[in-house]
Structures are given as structure tokens and as C-alpha cells.
Amino acid sequence: MNKNLAITCFLGLTAIILGAFTTHSMREVLSIQEMTSLDTGIRYQLYHVIVLLFVNSYAAFSYRFKNIISYLFFLGIVFFSGSIYAIYIAGISVKSIWFVTPFGGLLLIVGWSLMLLFFLKKVINKKK
């Protein structure tokens, strides 16, 4: 789990750095809509960093389940937020990577869905 937590901390660190960088350096370069898109990428990254801290600290999750959720979220952050950063910070054409952002979002959805199923099973088993 230390590897997952180290990656999580790195993602948290980069989100804070990107937030500061974009707020102070990109505000005069990008439109309000572009800044809003960047903000979305940063917020989603931070939200999932917080969830990753929970996932990797929650004793009821098996080691295997922690890894599955972690890697879904790691990849989801890289594809979802990373593609937004690539478009607005690195200047990569939206047309060349249009499919990457929704794929990242799908990975995040799958991770959340697996956790939902985990907890629903607990609720159902408790009722029996």
C-alpha cells in the first residue's frame, strides 16, 4: 500500500502545484471557459486523491481490491485530468486526443461502481 500512497501523494502534490500555476500564470493567457476546464481537471484530481487516501487506509478492503481501485483511479486521473492539462497547458489539439478525457472519466466511474458494489454487498449481507 505504500506504493499506492506514494503515488497518491504525488498526485496530490501535482494537483496543488498545477492549481497554483494555472491560477497565477495562465489566467491572462486562457479564456474563462478554458480556465474552468482546467479547474475541473484539478478538482477531479484532488477529489480522487482524497478518495485514494481512504481506499488505501480502509481495513475492510483487501490488498487486491485496494490495488484495483487505486489503479483505476490513477489511470482515470492521468487520462481525464491529464488530457485536460495537455490541451490547455501543453497546447495539444483537442481533435488529436478527444477520446482520452471520456476514457479517463469511464475509469473513474468503474472505480466508484466497484466500491458501490462492495458496500451494497455489505448492506445486503447484513440484512440476511
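Quick rundown of the values:
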quantity	calculated
Test result for Phe74, open to solvent by less than 50 Å² (accessible area, probe 1.4 Å), of a type in the set (Phe, Trp, Tyr) and part of a helix (DSSP H, G or I)	yes
Scope the stretch 20-50; condition touching a residue at least 60 places away in the same chain (Cβ under 8 Å) and under 14 Å from the mean Cα position of the chain (by Cα); matching residues	Tyr44, His48
Breaking point among (1) hydroxyl-bearing (Ser, Thr, Tyr); (2) modelled with pLDDT of 95 or more; (3) in a helix (DSSP H, G or I), for Thr22	(2)
Failed item in (1) in a helix (DSSP H, G or I); (2) open to solvent by 90 Å² or more (accessible area, probe 1.4 Å), with Ala6 passing the rest	(2)
Qualifying residue in the stretch 83-90 (condition: more than 20 Å from the chain's Cα centre (by Cα) and among the β-branched types (Val, Ile, Thr))	no
Members of the stretch 77-96 found to be of a type in the set (A, V, I, L, M, F, W, C), more than 13 Å from Tyr44 (Cα to Cα) and part of a helix (DSSP H, G or I), listed by number	Ala86, Ile87, Val94
Pairs where the first residue, in the stretch 94-111, is closer than 16 Å to Ser37 by Cα and the second is among the aromatic types (Phe, Trp, Tyr) and surrounded by 12 or more Cβ atoms within 10 Å (Cβ to Cβ), C-beta under 6 Å, 6+ apart	Val100/Phe79; Thr101/Phe80; Gly104/Phe79; Gly104/Phe80; Gly105/Phe80
Of all residues making up the stretch 39-96, the number that are of a type in the set (A, V, I, L, M), under 24 Å from Thr23 (Cβ atoms) and out of contact with any His (no Cβ under 8 Å at 6 or more places or on another chain)	15
Condition broken by Glu28, with the remaining ones in (1) at pLDDT 95 or above; (2) open to solvent by 20 Å² or more (accessible area, probe 1.4 Å); (3) not in a helix (DSSP H, G or I) satisfied	(1)
Filtered residue count, the stretch 53-71, keeping only those that are exposed (fewer than 11 other Cβ atoms within 10 Å of the Cβ) and outside any helix (DSSP H, G or I)	3
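The values are calculated or read from the model by the stated rules, or taken from the named source; none is laboratory data. Predicted, not measured: the structure shown is a model, and the values here were computed from it. With ideal geometry, Cβ positions are generated from the backbone for all residues, glycine too; neighbour counts draw on all protein chains shown. For accessibility, only protein heavy atoms count, side chains too; no ligands or nucleic acids. Shrake-Rupley method; radii C 1.70, N 1.55, O 1.52, S 1.80 Å.
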